[in-house]
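What follows is one structure encoded as structure tokens, with my remarks underneath.
The values are calculated or read from the model by the stated rules, or taken from the named source; none is laboratory data. What you see is a predicted model; the values in this text were computed from it and never measured. Quick note on the areas: whole protein, heavy atoms, side chains included, nothing else; ligands and nucleic acids left out. Shrake-Rupley method; radii C 1.70, N 1.55, O 1.52, S 1.80 Å.
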Amino acid sequence: SDGGGGLEAAAACATPGAWSPAATLQRVREAIAAFATERGWAKFHRPRSIMLALVGEIGELAECFQWKGDEGAEVGLPQFSDSEKVHVGEELADVLVYTIRLADLCGIDLASAVEDKLAKNRAKYPADKCYGKSDKYTAYADADKK
């Protein structure tokens, strides 16, 4: 994990209001659980099985970017066709669905876990020391010791 430092370009590209404010993690978690229950699939959903399915979906997402190179997959994906962008969105959705389902099955409050992790990363990667750099957090901790 880069501590979120690699998100600067993505944040600059983000369109305000582009994400649905109604799609909270809690609402999505409930919809995923209901979807599985309605189909009698909850009995198959164990953390290990969902984690393995998640890995498969990450592979499918990676295929969208395979052989593109950095210049072929710039922020905003301007080199992707509309259908390729739709496909990326579908694969991202699959990854998120399995991530949320895994958290639910493990009894992890994913929203709180994300907030806690961001707080830890803020401490490990102080903006005044790491801005524009991609060093591992230990480089900043070691600098404090000198």
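Might you work out the accessible area of C64 for me, using a 1.4 Å probe with all protein chains in place, and round it to the nearest 10 Å²?
Roughly 20 Å² of C64 is accessible to a 1.4 Å probe.
Could you provide, to the nearest whole Å², the per residue accessible area of region 43-134 with probe 1.4 Å?
Ligands and nucleic acids excluded, the result is 69 Å² per residue.
Ignoring any ligand, DNA or RNA, what whole percent of the accessible area of region 14-90 comes from carbon and sulfur when the probe is 1.4 angstrom?
60 percent
Kindly flag which residue pairs out of K68/K133; K68/K129; K68/K120; K85/K133 have an alpha-carbon separation exceeding 31 Å in this structure.
K68/K129; K68/K120
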